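First the structure, in the form of structure tokens, and then the observations on it.
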Amino acid sequence: MRFLHTSDWHLGHKLYGRSRHREHLDFLNWLSTTIEKRNIEALLIAGDIFDTQTPSNKTLTLYYRFLSLIAGSSCRHVIIVGGNHDSPALLNAPREILGFLNIHIIGRVPDSIDDEIITLRDRDNQPRLMVLAAPYLRDRDIRSTLAGETLEEKDQKLLNGIVDHYSSLYEHARSQQAELDSPVPIVAMGHLFCQGGQTVEGDGLRDLYIGSLAHVDSTAFNDDIAYLALGHLHQMQRVGKKDNRRYSGSPLLMNFQEAQSRKFVLEVECTQNTCVTEIEIPVFQRLEKISGSMEEILTAISLLRAENQSIFLEIHYLGKALADDLQDRVYSAVKGSKLEVLRINNRQIFDHILQQTTEIKTLEELSPEQVFQQCLDLHEIPPIQQKEMHTAFAITMAALQEENDADEE
Ligand SMILES: [Mn+2]
């Protein structure tokens with residue numbers, strides 16, 4: 001059975017407040033055409049369908065419109081698991097009605113582990129593939145905290161919980177296999193951080209994993225798993241150099257650091273061996289980061305302008321001279337073109353002000369982790385204690401996120 005692996009759509013994502021609706025629409029149209037053209041029979045989406053817990057109605061319409069398109073195509077099955085950005089309750093709400101269209105939703109760990117195992121059948125109702133559809137595993141899904149545990153113990157428990165979850169999923173799948181006439185390949189899904197995974201600066205994932213928080217060792221997955229379809233990291237990559245263990249990466253460029261990255265969906269065929277084909281996704285919106293002196297910035301803008309393409313720009317002024325007219329000059333340089341400036345970073349003027357007012361930055365400029373770091377510095381916390389404080393902070397942030405989920409139920 002030929003299927004596509006994708007993840008981290010982040011529908012509703014905004015880039016410095018700029019909507020990406022049109023890019024998502026273009027991607028989903030491209031995806032449904034690709035599915036038809038390549039005669040894909042199943043689609044696996046490994047979490048982070050939405051960017052936020054409360055997507056707008058416009059974003060939801062986009063999602064359901066795509067699902068209805070797919071339900072009428074060659075693609076007979078869709079499996080969607082929740083990511084850390086998704087609200088499990090929101091994903092799960094329509095799961096029964098979507099079930100009639102062979103769209104399987106696992107927003108959170110279900111009460112019965114067998115509900116996380118989905119057997120895909122072909123037109124003749126023959127079983128062809130067994131999918132272990134594990135969502136993002138939250139702390140409360142897999143372990144019970146005891147009072148007085150150290151942070152290391154908590155972290156280790158969470159990791160053990162994830163490993164146990166996958167091994168018991170695998171055991172259950174094996175016993176379900178025994179009931180079939182002949183065994184079918186087993187595919188596992190997940191939304192997690194595998195040890196050694198690559199992230200890009202500014203993608204919001206680095207900060208999250210500053211401590212040792214839940215880095216899953218790839219030996220957690222049984223060697224007999226024909227393919228591992230992961231989400232969470234936004235760059236397409238292999239896990240532990242294995243061709244059949246992959247992150248598909250996000251379909252859209254998630255920030256300006258990724259401006260030159262290539263994006264993929266993965267076509268997978270599990271027969272004797274697993275065969276993976278990387279299908280490159282067209283760039284639906286070019287991003288360009290320009291840094292340099294005033295002259296370099298203006299030259300780069302005029303070169304890009306000549307290309308007559310829609311390009312989002314992020315501009316970093318690195319010149320030595322104070323350039324308080326930077327904004328005016330940049331805006332007049334792009335006026336009447338297809339270039340759109342999403343951000344101008346004028347460090348010089350910023351540093352100049354900061355010298356007079358110490359370390360005040362706007363909250364928009366800082367991540368919660370950076371604010372926390374400033375707080376540690378301000379209180380002169382010794383480095384040896386900082387590591388533990390960072391782990392505690394990461395756990396607290398994760399717990400806050402979970403509370404938001406729980407409130408919705
Ligand atoms: Mn993501």
Report task. Can you confirm whether the stretch 32-45 contains a residue that is within 14 Å of the ligand (Cβ to nearest atom), touching a residue at least 24 places away in the same chain (Cβ under 8 Å) and either outside the structural domain of Ile344 (by TED's automatic domain parsing) or assigned to a helix (DSSP H, G or I) (or both)? Result -> yes
**Report entry** Every residue from the stretch 102-111 that is in contact with a Gly (Cβ under 9 Å, 6 or more places away or on another chain) and among the hydrophobic types (A, V, I, L, M, F, W, C)
**Finding:** Ile105, Ile106
Query raised in the report: Taking the stated definitions as given, is Asn84 polar (S, T, N, Q), over 30 Å from Gln257 (Cα atoms) and buried (at least 16 other Cβ atoms within 10 Å of the Cβ)?
Result: no
Query raised in the report: Does Ser68 satisfy the criteria of being exposed (fewer than 15 other Cβ atoms within 10 Å of the Cβ), more than 25 Å from Leu137 (Cα to Cα) and more than 16 Å from the ligand (Cβ to nearest atom)?
Result: yes
Query - Number of positions in the stretch 71-88 that are within 16 Å of the ligand (Cβ to nearest atom) and either assigned to a loop (DSSP other than H, G, I, E, B) or in contact with a Cys (Cβ under 7 Å, 6 or more places away or on another chain) (or both) - result: 6
Requested in this report: State yes or no: is Thr59 over 27 Å from Cys194 (Cβ atoms), under 19 Å from the mean Cα position of the chain (by Cα) and part of a loop (DSSP other than H, G, I, E, B)?
Outcome: no
Requested in this report: Could you tell me which numbered condition Leu98 fails, if it satisfies all but one of (1) at pLDDT below 95; (2) away from the ligand (no atom under 16 Å from the Cβ)?
Outcome: (1)
**Report entry** Members of the stretch 120-137 that are surrounded by fewer than 21 Cβ atoms within 10 Å (Cβ to Cβ) and under 13 Å from Ile105 (Cα atoms)
**Finding:** none
Report summary line: Restricting the stretch 50-63 to residues that are in contact with a His (Cβ under 8 Å, 6 or more places away or on another chain) and of a type in the set (Val, Ile, Thr), the one farthest from Ile106 (Cα to Cα) turns out to be Thr59
Query raised in the report: When the stretch 1-31 is examined, which residues are found to be within 16 Å of the ligand (Cβ to nearest atom) and part of a loop (DSSP other than H, G, I, E, B)?
Result: Ser7, Asp8, Trp9, His10, Gly12, His13, Arg20
Query - Leu129 being closer than 19 Å to Ile80 by Cβ, part of a helix (DSSP H, G or I) and at pLDDT 90 or above - result: no
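Every residue, every condition in (1) loosely packed, with under 15 Cβ neighbours inside 10 Å; (2) modelled with pLDDT of 85 or more; (3) part of a strand (DSSP E or B), yes or no:
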{"site": "Ala333", "(1), (2), (3)": "no, yes, no"}
{"site": "Gln348", "(1), (2), (3)": "no, no, no"}
{"site": "Glu364", "(1), (2), (3)": "yes, no, no"}
{"site": "Asp377", "(1), (2), (3)": "yes, no, no"}
{"site": "Glu380", "(1), (2), (3)": "yes, no, no"}
{"site": "Ile384", "(1), (2), (3)": "yes, no, no"}
{"site": "His390", "(1), (2), (3)": "no, yes, no"}
Query raised in the report: Condition test on Asp48, is it free of Cβ contacts under 8 Å to residues at least 60 places away in the same chain and either more than 15 Å from the ligand (Cβ to nearest atom) or out of contact with any helix residue (DSSP H, G or I) (no Cβ under 7 Å at 6 or more places or on another chain) (or both)?
Result: no
Query - Selected residue (only one of Thr150, Thr119 is out of contact with any helix residue (DSSP H, G or I) (no Cβ under 6 Å at 6 or more places or on another chain) and without any contact (Cβ under 8 Å) to a residue 12 or more places away in the chain) - result: Thr150
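A quick yes/no check of all residues on (1) more than 16 Å from the ligand (Cβ to nearest atom); (2) in a strand (DSSP E or B); (3) out of contact with any Leu (no Cβ under 7 Å at 6 or more places or on another chain):
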| residue | (1), (2), (3) |
| --- | --- |
| Asp155 | yes, no, no |
| Leu159 | yes, no, yes |
| His165 | yes, no, no |
| Leu169 | yes, no, no |
| Arg174 | yes, no, yes |
| Leu180 | yes, no, yes |
| Thr199 | no, no, no |
Report task. Answer with yes or no whether Leu91 is within 16 Å of the ligand (Cβ to nearest atom) and in a strand (DSSP E or B). Result -> no
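The values are calculated or read from the model by the stated rules, or taken from the named source; none is laboratory data. What you see is a predicted model; the values in this text were computed from it and never measured. When we count neighbours, we look across all protein chains shown, and the Cβ atoms used for this are built from the backbone with ideal geometry, even at glycine.
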